[in-house]
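The structure under discussion appears below in the form of structure tokens.
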Amino acid sequence: MYQRALTNVEKVLKPSVARVMNAQSVAAFDAGRKQLAAAVVIERNELAKITPPSGLVTAHPAVLDAFDAYAGDAATQLSKAGDTKTSCGLPKAADVRLYEAKTGIRTAFAGLAQSVQQSIGKGVKFGALSVPAKPAAPAVIGGRGENGDVFQRSGSRGSGRLTIRNAGDDVVVVVATSNPRKPQASIYVRANKSATLSGVRNQDYYVYFKSGTNWDAKNHRFTENCAYQKFDDIFDGQYAWTVSLTKSPLGNAPSSETDAF
């Protein structure tokens with residue numbers, strides 16, 4: 001009888017869960033989320049009417065508590081999805097917000113199922129029918145550039161070379177006369193890799209570098225955990241240089257933090 005009741009709860013909740021996970025926009029997600037929250041409350045109240053079998057008298061209140069906790073768990077999980085900007089201060093893409101929202105709801109609902117299952121123990125099951133699959137992540141989530149990819153070039157080229165040995169996180173190294181927003185060249189160097197930028201002009205330049213995660217290949221930028229620095233020394237473009245990047249201290253030359261670029 002108790003198993004039948006829990007199975008019925010799952011069957012009732014499954015369409016509401018699917019509506020949330022299949023939402024194609026943040027607005028549609030939010031509407032589905034509210035419907036799911038209401039359905040969870042209704043099903044919790046239906047379960048409260050049940051007189052549990054003797055073996056589940058102690059477990060039954062814990063099951064109801066798990067349903068009561070769902071709203072708070074969902075709110076906690078959705079806090080990140082509510083942010084409209086990344087940790088780098090950039091506008092968060094709609095597909096990223098939707099992915100984080102769906103992930104938050106799935107985590108909260110899976111937590112509900114797990115709590116119920118732990119309360120009732122073996123012999124009675126809950127969650128297999130209703131817990132959704134993990135949503136597919138947008139390309140930017142965990143995105144990385146290709147090591148050695150020179151994705152920006154401007155002006156003439158020269159005979160100079162810059163080799164980067166990177167023992168830290170993924171970085172973009174920028175060669176610029178003065179303003180890193182107007183680079184002579186930009187090259188992506190993956191963590192624990194080396195890459196060489198050839199064709200550097202035969203004139204003095206500065207070396208800037210930025211690190212982060214979730215590389216946005218379309219806009220050529222990291223979107224999370226950004227840090228921006230430059231080597232303090234001026235580099236002579238007539239020569240071949242090698243610089244090393246390590247997590248701390250930074251490499252074989254003094255460096256300073258700089259504004260975002």
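How much length, in nm to one decimal, is gained on full extension between ALA18 and ALA260, taken as 0.36 nm per residue of separation minus their Cα-Cα distance? The partial results should precede the final answer.
Details: separation 242, 0.36 × 242 = 87.12 nm, distance 4.07 nm.
Stretched out fully, the ALA18 to ALA260 stretch lengthens by 83.0 nm.
State, as an integer percentage, the relative contact order of the chain based on alpha-carbon contacts under 8 Å between residues 6 or more apart. Don't jump to the answer; show the numbers that get you there.
Values: 487 pairs, mean separation 41.6, N = 261.
Computed over the chain, the figure is 16 percent.
Could you check the simple spin-label distance between SER25 and ALA110, using points 7 Å along Cα→Cβ, in nm with one decimal?
With each label placed 7 Å out from Cα toward Cβ, I get 2.9 nm.
So what does the Cα-only Debye profile of the range 128-211 read at q = 0.13, 0.15, 0.27 Å⁻¹, as log10 I(q)/I(0), no solvent term?
-0.47, -0.57, -1.34
How big is D for the range 74-192, in µm² s⁻¹ as a whole number, if Stokes-Einstein is applied with the Kirkwood radius of its Cα pairs at 20 °C and 1.002 mPa s? Don't jump to the answer; show the numbers that get you there.
Details: Rh = 18.5 Å.
It diffuses with D of about 116 µm²/s by this estimate.
Given the Cα-Cα distance of ALA128 and ASP68 and 0.36 nm per residue of separation, how much length would full extension add, in nm?
On the way: separation 60, 0.36 × 60 = 21.60 nm, distance 2.00 nm.
Going from the current span to full extension adds 19.6 nm.
Quick check for the range 165-261: number of Lys pairs with alpha-carbon distance under 23 Å, counting only pairs 8 or more apart or on different chains?
Here the count comes out as 11.
Using the crude model of +1 on Lys and Arg Cβ and -1 on Asp and Glu Cβ, and no other charge, please compute the dipole size for the range 169-239 relative to its Cα centre, in debye to 20.
Working: 9 positive and 8 negative charges, 60 e Å.
With only Lys, Arg, Asp and Glu charged at Cβ, the dipole is about 280 debye.
For the range 1-134, give the percent of accessible area contributed by carbon and sulfur heavy atoms, probe 1.4 Å, rounded to a whole number.
55
Using every alpha carbon pair in the range 1-133, what percent of pairs falls into each 5 Å bin from 0 up to the bin containing the largest distance?
All Cα pairs considered, the percentages come to 2, 11, 20, 22, 16, 11, 8, 5, 3, 2, 0, 0.
In degrees between 0 and 90, to the nearest 10, how far off the longest principal axis of the chain does helix 59-77 point, with axes built from Cα atoms?
30
Assign unit charges at the C-beta atoms only (+1 for Lys and Arg, -1 for Asp and Glu), then state the dipole size of the range 90-242 relative to its Cα centre in Debye, rounded to the nearest 20. If you can, show how the numbers build up before the last one.
Working: 21 positive and 12 negative charges, 102 e Å.
Dipole about the Cα centre, nearest 20: 500 debye.
For the chain, how big is the tail of P(r) above 34 Å, as a whole percent of Cα pairs? Intermediate values should be presented prior to the final figure.
Details: 14545 of 33930 pairs.
Of all Cα-Cα distances in the chain, 43 percent exceed 34 Å.
Let me spell out the model: positive unit charges on the Cβ of Lys and Arg, negative unit charges on the Cβ of Asp and Glu, origin at the Cα centre of the range 39-146. What dipole size does that give, in debye rounded to 20? All intermediate terms of the calculation are to be shown ahead of the outcome.
On the way: 12 positive and 9 negative charges, 42 e Å.
The dipole of the range 39-146 has a size of about 200 debye.
Hey, for a label at LYS11 modelled as a point 7 Å past Cα toward Cβ, could you say which residues of the range 34-56 have their backbone N under 17 Å away?
Counting only backbone N, you get 43-44, 46-47.
Count the net charge of all other residues whose Cβ sits under 12 Å from the Cβ of SER16, scoring Lys and Arg as +1 and Asp and Glu as -1. Display every interim value, and only then the final one.
Values: positive: LYS11, LYS14, ARG19, ARG33, LYS34; negative: GLU10, GLU43.
Counting the neighbours of SER16, the net charge comes to +3.
Past the 31 Å Cα-Cα mark, which pairs from LYS14/LYS122; LYS34/LYS92; LYS92/LYS125; LYS11/LYS92? Don't skip to the end; give the middle numbers.
Numbers: LYS14/LYS122 22 Å; LYS34/LYS92 23 Å; LYS92/LYS125 39 Å; LYS11/LYS92 35 Å.
Distance filter (> 31 Å) returns LYS92/LYS125; LYS11/LYS92.
Most fluctuating residue of ARG161, ARG19, ARG181 in a GNM of the chain with Cα springs under 10 Å: which is it?
ARG181
Can you pull the one-decimal nm distance between simple spin-label points at ASN45 and TYR239, each 7 Å off the Cα toward Cβ?
Between ASN45 and TYR239, the label points sit 7.9 nm apart.
How large is the helix-only mean residue ellipticity at 222 nm for the chain, computed as the sum of -39500 (n - 2.57) over DSSP H runs with n ≥ 4, divided by its residue count, in deg cm²/dmol to the nearest 500? Write down the numbers at each step before the final one.
Numbers: 4 runs with 89 residues, N = 261.
Taking each H run of at least 4 residues, the total per residue is -12000 deg cm²/dmol.
Go ahead and set up a Gaussian network model of the chain, Cα springs under 10 Å, then flag whichever of GLY155, GLY104, GLY212 fluctuates most.
With Cα springs under 10 Å in the chain, the top fluctuation among GLY155, GLY104, GLY212 is at GLY155.
Ratio of Rg to Rh for the range 163-244, alpha carbon only, Kirkwood? All intermediate terms of the calculation are to be shown ahead of the outcome.
Working: Rg = 12.3 Å, Rh = 13.0 Å.
Looking at the range 163-244, the ratio lands at 0.95.
Just for the Cα atoms in the range 118-261, what are the lengths along the principal axes, largest first, rounded to whole Å?
Principal axes ranked by extent give 76, 30, 25 Å for the Cα atoms.
So, R0 is 30 Å and r is the distance between the beta-carbons of ALA38 and LYS85; what FRET efficiency does that work out to, to 0.05? Don't skip to the end; give the middle numbers.
Working: r = 30 Å, r/R0 = 1.01.
Calculated value: 0.50.
Stokes-Einstein diffusion coefficient for the range 113-156 at 37 °C in a medium of 0.692 mPa s, Rh from the Kirkwood formula over Cα pairs: what value in µm²/s? Could you put the intermediate results ahead of the total?
Values: Rh = 15.5 Å.
This corresponds to a translational diffusion coefficient of 212 µm²/s.
The values are calculated or read from the model by the stated rules, or taken from the named source; none is laboratory data. Because the structure is predicted, anything quoted here is derived from the model rather than measured. Methodologically, a virtual Cβ is constructed for each residue, glycine included, from the backbone with ideal geometry; neighbour enumeration extends over all protein chains shown. Quick note on the areas: whole protein, heavy atoms, side chains included, nothing else; ligands and nucleic acids left out. Shrake-Rupley method; radii C 1.70, N 1.55, O 1.52, S 1.80 Å.
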